[in-house]
1. Among bridges DSSP assigns within the range 3-92, what percent are antiparallel (round to 5)?
2. Report, in whole Å, the centroid distance computed from the Cα atoms of the range 55-123 and the range 474-509.
3. To the nearest 20 debye, what is the magnitude of the charge dipole of the range 387-429 about its Cα centre, counting +1 on the Cβ of each Lys and Arg and -1 on the Cβ of each Asp and Glu?
4. Take every Cα-Cα pair in the range 520-570 and report what % of them are more than 19 Å apart.
5. Given an 8 Å cut-off on Cα distances and at least 6 residues of separation, report the relative contact order of the chain as a percent.
6. I need the per residue convex hull volume for the chain, using only the alpha carbons, in cubic angstrom as a whole number.
7. Apply the a/c threshold of 1.5 to the C-alpha gyration tensor of the range 425-517 and tell me whether it is rounded, prolate or oblate.
8. Could you rank the peptides 556-566, 409-419 by their average count of other C-beta atoms within 10 Å per residue, with the highest value first?
Amino acid sequence: MDYKILGKLLAEYIMGIAILNEDEEVLWSNGVVESICGSRNIINKKFSNLLPVNLRDIIGCYKTFKSSEENIYKFKASYIKEEKIYIIYIDELTDFNNKDIKIYCLEKIIESISDGVILSDHYGKVMLYNKAQEALEELSSEEVVGKYLWEAYDYNPEYNPELAEHRRVYKTREPIIEKYKAHAYKNAIPKYLSYSTYPIIKDGEAIAVYSISKNETSLQSLLSETIELKRQLFSKGEKKEQKYQSNGTTYTFADIVGDSEATKNVIKESQTVSLLSNTILIVGETGTGKEVFAQSIHNFGKNKDEPFIAINCAAIPENLLESILFGTVKGAYTGAVTQSGLFEDARRGTLFLDELNSMPISMQSKLLRVLQEKVVRRVGSSNVIPIQCRVISAINEDPQKLIEEERMRQDLFYRISGHCIYLPSLRERKEDIICIGEFFIKKYNDMLNKNIETFSKELREIILSYNWPGNIRELEHFVENMMVRTRENKRELNIDDIPRYIKNVISKGTTIKMSESQESTLPETLRTIERRLIIDSLNKNSWNLTKTAKDLGIIRQSLEYRIKKLNIKR
């Protein structure tokens with residue numbers, strides 16, 4: 001046998017090859033042994049004299065050896081009985097030009113990093129799913145690896161596999177950057193991840209697709225906690241510097257005042273959807289703070305540095321609304337000039353359509369087309385322009401009622417309500433009324449140079465019994481008017497500070513009779529007020545004492561005492 005030819009063939013696949021005779025003398029080497037031992041001429045020399053490696057120890061198994069230069073090698077030997085020769089196979093574990101070593105290191109890195117990694121092949125089968133991805137999606141690699149993506153994530157049976165994001169990236173070769181979405185569900189709870197997906201191109205051909213995922217849950221929780229602490233601080237009247245943001249906003253979640261569970265829940269819900277790219281519909285009565293929430297959602301999202309542009313659809317005539325939203329080209333109509341519309345101006349930011357329910361049906365059809373196709377056509381132009389902004393809409397009426405009365409297209413409702421946020425009215429969260437009122441007291445203290453601290457007990461009863469149809473806006477107007485009338489040395493606002501015209505409005509909206517000429521004594525008036533409030537709350541809660549006590553903000557034992565004291569019977 002020509003040992004040289006055999007050695008060269010084997011050296012194509014193994015880094016180092018040495019061929020020995022039965023006496024363990026070197027017959028041929030490709031130069032690796034020479035490099036390790038530092039000797040140029042090793043032919044016919046005994047292998048054990050060249051390296052401290054026992055031939056018997058490496059037959060059929062690998063043994064490692066560290067050279068004086070700290071390089072690490074592994075040796076393995078096989079005996080070919082017919083030729084009476086030994087073949088030594090040598091690999092360097094510290095050779096990072098060796099593809100196997102490099103792949104091994106990369107696999108270890110992928111397994112240990114905190115970012116999730118998932119790789120699918122050209123068929124859409126999952127080939128790699130690291131431990132971080134397991135933790136993020138609460139799935140195991142055994143459940144995922146080797147399965148098609150649509151099987152691993154248990155998509156709807158009618159789901160078109162070709163619509164999977166990895167398949168789309170594989171076919172288009174266009175990456176998906178910074179998406180926020182849930183693919184996996186645990187106990188029907190979506191596991192939202194921030195991720196980017198990229199194609200792997202080799203020799204001009206797409207061969208695989210991978211995604212890098214980040215878990216933002218911890219970061220978002222810390223951010224939410226910080227915002228909640230800031231809200232509590234500012235609601236107590238602490239001064240803060242007001243700056244008009246360069247993106248066109250004034251408010252963040254930290255500016256929202258209220259300690260009720262309803263307020264905290266809607267803030268948390270809004271923070272969650274702010275990280276998504278869905279359209280959002282905010283439903284709430286006039287004065288509940290729909291634009292405050294819209295701005296806060298924008299400032300909590302990933303594109304907060306992009307513009308926030310708001311338009312009140314009720315304030316713009318129908319013939320101008322189209323050109324304002326979509327833009328115009330010169331000559332489209334008399335006096336028209338070439339200008340961009342709000343959809344273009346919003347760029348990758350947010351377009352807020354307030355009072356969308358006031359938009360004419362004909363205009364709703366055009367808006368629906370824009371939202372469906374993600375392109376806008378300027379008035380008078382045949383060219384289409386892609387839009388990238390997120391649309392947040394607001395309505396002040398029940399959407400179902402609007403659809404039934406044919407004042408809103410049903411298909412438009414489904415298009416704009418990727419997620420619906422319902423803002424509770426002030427009468428639905430009475431726990432916030434005093435808190436918000438005192439916030440406005442602090443605000444107007446600074447403006448009017450006064451030192452009012454709170455409301456009197458009698459005034460609190462009136463405030464809590466009123467329905468506040470104008471919600472927070474009406475409450476601020478109410479406090480402002482009283483603050484203007486009250487004397488500088490007072491510490492409490494009371495009934496006497498209420499302007500007559502506001503007093504007349506409130507007296508019609510409350511069960512408490514307010515009269516400037518007080519025919520009853522103060523104790524009698526307070527007793528009447530207290531009795532009326534308790535009876536109304538009992539009726540509202542079907543005489544459930546526990547719920548009524550919670551509604552009134554007192555303990556059950558106190559409620560039972562007051563019912564007995566006021567001789568209230570069912």
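Each reported figure results from applying straightforward, stated rules to the coordinates on display, with no laboratory input. Keep in mind it's a predicted model, so treat the numbers as computed, not measured. Every residue, glycine among them, receives a Cβ derived from its backbone with ideal geometry; neighbour counts consider all protein chains shown.
1. Percentage antiparallel, nearest 5: 95.
2. After rounding, the separation between the Cα centres reads 84 Å.
3. It works out to roughly 240 debye.
4. Counting every Cα pair in the range 520-570, those more than 19 Å apart make up 19 percent.
5. Rounded, it is 8 percent for the chain.
6. Spelled out: Cα convex hull of the chain, divided by residues, is 286 Å³.
7. oblate
8. 409-419, 556-566
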